[in-house]
Structure formats: C-alpha cells, structure tokens
Amino acid sequence: MCRQLAYLGPAVPLGDVLVTPPHSLLRQSWEPRRQRHGTVNADGFGVGWYADGDPVPARYRKAGPIWGDQSFADLARVVRSGAVLAAVRDATLGGADGEAAAAPFACGPWLFSHNGAVTGWPRSLAPLTTAVPPVDLLSLEARCDSAFVWALLLYRLRSGDDQGQALADTVLEVAEAAPGSRLNLLLTDGETITATAWGDSLWYLAEPGRRTVVASEPYDDDPHWREVPDRTLLAASRTDVLLTPLKEPTA
C-alpha cells in the first residue's frame, strides 16, 4: 500500500518528477487520487537515482513522511538524473523496521518497490523460504512482506532470468501461495522499467525517444497517460512500452 513511480528520460532535477507536478508523488503521500487501499502514505519514503557513468544507483530513504523532510527538499532541487525510482509508503504493519522497510530496495544495478500487501503474511509465504538461499534470508533488510518479495525476485535476477520473466514468475508464485495479494511490483536497472499491475492501479506516460514514466497514478492531467490493465506485465524503455497479460495461477 503505497504510491510509486519510475522515470526514464533526459536528466532533470528530481523535483521535476517528484515534487513539481500538480499531483506529484509528494502530494500523493497525503492526497492520492486513485489509491484503492489506504488513504495516507506517511510511513516512510525513498528515492533512488542513477548518475552518468555509474551503473549502481544512489538512494535516500527515511522512516517519516516525505513532506516533513527538509533535507529531501534540498536534494530534490539540486540532484539531477535521467533514471529515477521513488515511493511513498503506507505500511501494512505499523512500525515495521522503519527506514529499512522503505522502498526502493537495491542490489547491484537494480532498484525495486512494491505497492500492495501479501495476504496472510508472514505465514502464507513460509513455504517459499526454501526458494531463497539461507544467506539471503539472513540478510533481509527488513521483516516486511515487500523485503521478502524482493528476495524472491532478486534470486531469479541473479540466476540469470531477464527482468520481465523474473517479475512475472515472482508475482505468480506469491499469488499462488497467498491468494488475494496485491502485487504491483516496480523494477528498474536505469535503462529499462519493468512493472506488474496486480490488484492496484498502474499507469504510464510515454513520449518515444524522450521519456517514459510508470506510476501508481498520473502526476498531472496530461491526456496521454494510459492505464495498465490488471494482471499485466509492463516492460518499458525510453523508446517503447510493451504490455503482456499475466494469467492467474492454476488452482
């Protein structure tokens, strides 16, 4: 339960994407327009971005609401990037791990966030712990459902799966173990954006050759925003967007 956004395009101040638009991620933290679960996203926030020539992103995360962080206001004004992933958080379980539970999660070139909740957490996903190497379980950044979903996804990425396949397989695995879960996942490596619409809103804005934005909801009233159908995998670059239907797990 959060709002999330990924951007690929010309290098701009972070604030141009996250603060300035009339319905920006900042505003969505207290006044989302299309959020289906929860009302206020004040349990933490984070932003990750890529610098030219460095494939490993930087991150800034806090446990409190984004609107109360003056350091973020300065950072958003001066830091520029052409690839960004950010999220504001409404925690499934209050007080769970603070800053460590705030997206984006990161490893190597990847940034990841999760909008939704796993039903029956943590008991429902206990059988899936065998799919994750013990060292990865012991290294979990937080004890929340999103951190464990990230561990499942990361194992697939490290095993050589491409981003789309890894995301799709992770969603189907978790949905089968925990029916009714909401699993809008968002992943970037700074060159592409991969996402799933599974139980909550997802939109994209594409200007081929210039910019692509994928977000929980539009940050302005540009008529070119398009809603992603539920149960869909989105794969995007700066030049195109591809949507692929996802099937429900077989009973």
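Here is the figure for region 1-24: residues that are of a type in the set (Ser, Thr, Tyr) and either buried (at least 23 other Cβ atoms within 10 Å of the Cβ) or under 20 Å from residue 238 (Cα atoms) (or both) total 1. The residue of region 45-69 that is surrounded by the fewest Cβ atoms within 10 Å (Cβ to Cβ), among those that are closer than 24 Å to residue 193 by Cβ and among the small types (Gly, Ala, Ser), is 53.
For (1) at pLDDT 95 or above; (2) within 15 Å of the chain's Cα centre (by Cα); (3) of a type in the set (D, E, K, R), each residue gets a yes or a no:
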{"site": "1", "(1), (2), (3)": "no, yes, no"}
{"site": "4", "(1), (2), (3)": "yes, yes, no"}
{"site": "10", "(1), (2), (3)": "yes, no, no"}
{"site": "25", "(1), (2), (3)": "no, yes, no"}
{"site": "29", "(1), (2), (3)": "no, yes, no"}
{"site": "44", "(1), (2), (3)": "no, yes, no"}
{"site": "51", "(1), (2), (3)": "yes, no, no"}
{"site": "57", "(1), (2), (3)": "yes, yes, no"}
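Examine region 228-243 for a residue that is closer than 26 Å to residue 175 by Cα, part of a strand (DSSP E or B) and among the acidic types (Asp, Glu), and state whether such a residue exists. No: region 228-243 contains no residue that is closer than 26 Å to residue 175 by Cα, part of a strand (DSSP E or B) and among the acidic types (Asp, Glu). Of all the residues in region 152-181, those that are surrounded by 18 or more Cβ atoms within 10 Å (Cβ to Cβ) and of a type in the set (D, E, K, R) number 2.
The set of residues from region 1-58 being more than 18 Å from residue 81 (Cα to Cα) and acidic (Asp, Glu) comprises 31, 43.
Can residue 116 be described as among the small types (Gly, Ala, Ser), within 13 Å of the chain's Cα centre (by Cα), outside any loop (DSSP other than H, G, I, E, B) and within 24 Å of residue 248 (Cβ to Cβ)? Before you say what the answer is, go through the steps one by one.
Details: among the small types (Gly, Ala, Ser): yes; within 13 Å of the chain's Cα centre (by Cα): yes; outside any loop (DSSP other than H, G, I, E, B): yes; within 24 Å of residue 248 (Cβ to Cβ): yes.
Judged against the criteria, residue 116 is a match.
Just so you know, in region 132-147 the residues that are in a helix (DSSP H, G or I) and in contact (Cβ under 8 Å) with a residue 12 or more places away in the chain include one that is nearest to the chain's Cα centre (by Cα), and it is 146. Within region 198-229, the residues that satisfy the criterion of being touching a Pro at 6+ places or on another chain (Cβ under 8 Å) and either among the aliphatic types (A, V, I, L, M) or surrounded by 14 or more Cβ atoms within 10 Å (Cβ to Cβ) (or both) are 203, 205, 211, 216, 217, 219, 225.
Filtering region 166-198 to residues that are part of a loop (DSSP other than H, G, I, E, B), within 30 Å of residue 51 (Cβ to Cβ) and not hydroxyl-bearing (Ser, Thr, Tyr) leaves 189, 190, 191. If the condition is being crowded, with 20+ Cβ neighbours inside 10 Å and part of a loop (DSSP other than H, G, I, E, B), then region 25-44 contributes 29, 32, 35, 41, 43, 44.
Scoring residue 89 on the criteria (1) touching a Lys or Arg at 6+ places or on another chain (Cβ under 6 Å); (2) buried (at least 18 other Cβ atoms within 10 Å of the Cβ) leaves a single failure, condition (1).
Scanning region 199-224 for residues that are of a type outside the set (A, V, I, L, M, F, W, C) and assigned to a strand (DSSP E or B) gives 204, 207, 211, 212.
Residues that are assigned to a strand (DSSP E or B) and in contact with a helix residue (DSSP H, G or I) (Cβ under 9 Å, 6 or more places away or on another chain) occur at least once in region 68-82. Based on what the data block shows, is residue 198 hydrophobic (A, V, I, L, M, F, W, C) and more than 19 Å from residue 117 (Cα to Cα)? So residue 198 fails the test.
The values are calculated or read from the model by the stated rules, or taken from the named source; none is laboratory data. Source: prediction; values computed, not measured. Backbone-built Cβ (ideal geometry, glycine too); neighbour counts: all protein chains shown.
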